[in-house]
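I have placed the structure first, in the form of structure tokens, so that the comments after it can refer back to it.
The values are calculated or read from the model by the stated rules, or taken from the named source; none is laboratory data. Remember, it's a predicted structure, so these values are computed and weren't measured experimentally. Neighbour counts run over all protein chains shown; Cβ positions are idealised from the backbone, glycine included.
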Amino acid sequence: MTMVKDMQAMFVGSFTHSLDAKRRVIFPSSWRNQMEGSHQLFAFPHPEDKCLYLYTEEEMMRRLGELRSFGPLDKLDQQSIRSFTAGADLLVWDAQGRIRIRENLLAHAEVREQVVLVGTLTRIELWSAENFDLALPQDSPAVENLFFSGY
């Protein structure tokens, strides 16, 4: 897939991979190619769902800019950020395109052997194969209208 320079990566599709003995998983090359030299992702456990949200450095910087636009943060906001980031991790892929995921994150997503990586446009979700099957399908008139209506 060819990307126009200065265009944000858009992740679509899904990939199912098994964890290897070192608890690594292959990060799809089609997605790696969109990330323009960056070899890292930020992984956050979702606060309600048994999955991880994976963000590119570019997307994290966009979100940080949005956070900074709010002005000074109060104590509750700071505690919330601390809580949210304490369980997160920086994932870096190796020369073979594998990322190692910490045990606490795998436990949050209830991953045993297989993960499903799902592109959701501006982020990637990581699910256990079992929990991903439970998360589908959901009908949304707004989403269906966005993707399947006329111009």
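Residue check: is L76 surrounded by fewer than 14 Cβ atoms within 10 Å (Cβ to Cβ), farther than 26 Å from E130 by Cβ and touching a residue at least 40 places away in the same chain (Cβ under 8 Å)? Here the answer is no, as L76 does not meet what is asked.
One residue stands out among those in the stretch 12-31 that are more than 15 Å from L126 (Cβ to Cβ) and in contact (Cβ under 8 Å) with a residue 24 or more places away in the chain: the one that is surrounded by the fewest Cβ atoms within 10 Å (Cβ to Cβ), which is K22. Condition check for L41 on (1) exposed (fewer than 11 other Cβ atoms within 10 Å of the Cβ); (2) not in a helix (DSSP H, G or I): one failure, at (1). Among the residues examined, L121 qualifies as touching a residue at least 40 places away in the same chain (Cβ under 8 Å), at positive phi and not charged (D, E, K, R).
Take the conditions surrounded by 11 or more Cβ atoms within 10 Å (Cβ to Cβ), of a type in the set (D, E), part of a helix (DSSP H, G or I) and free of Cβ contacts under 8 Å to residues at least 12 places away in the same chain and apply them to D133. Does it pass?
Details: surrounded by 11 or more Cβ atoms within 10 Å (Cβ to Cβ): no; of a type in the set (D, E): yes; part of a helix (DSSP H, G or I): yes; free of Cβ contacts under 8 Å to residues at least 12 places away in the same chain: yes.
So D133 fails the test.
In the stretch 104-115, the residues that are in contact (Cβ under 8 Å) with a residue 12 or more places away in the chain reach residues that are surrounded by 12 or more Cβ atoms within 10 Å (Cβ to Cβ) and of a type in the set (K, R) with C-beta atoms within less than 8 angstrom, at least six apart or across chains, in these pairs: L106/R23; H108/K50; A109/K50; E110/K50. Considering the stretch 84-97, and only residues there that are surrounded by 11 or more Cβ atoms within 10 Å (Cβ to Cβ) and part of a helix (DSSP H, G or I), the residue that is modelled with the lowest pLDDT turns out to be F84. May I ask you to verify whether E36 is closer than 16 Å to T122 by Cβ, among the acidic types (D, E) and at pLDDT below 95? Judged against the criteria, E36 is a match.
Any residue that is modelled with pLDDT under 95, part of a helix (DSSP H, G or I) and of a type in the set (V, I, T) - is there at least one of those in the stretch 75-83? Walk me through how you get there before you give the answer.
At the first step, the residues of the stretch 75-83 found to be modelled with pLDDT under 95 are 75-83.
Subset that is part of a helix (DSSP H, G or I): 75-83.
From what is left, the residues that are of a type in the set (V, I, T) are 81.
Looking through the stretch 75-83, at least one residue is modelled with pLDDT under 95, part of a helix (DSSP H, G or I) and of a type in the set (V, I, T).
Taking (1) surrounded by 11 or more Cβ atoms within 10 Å (Cβ to Cβ); (2) at pLDDT 90 or above; (3) of a type in the set (S, T, N, Q) in turn, S69 satisfies each apart from (1).
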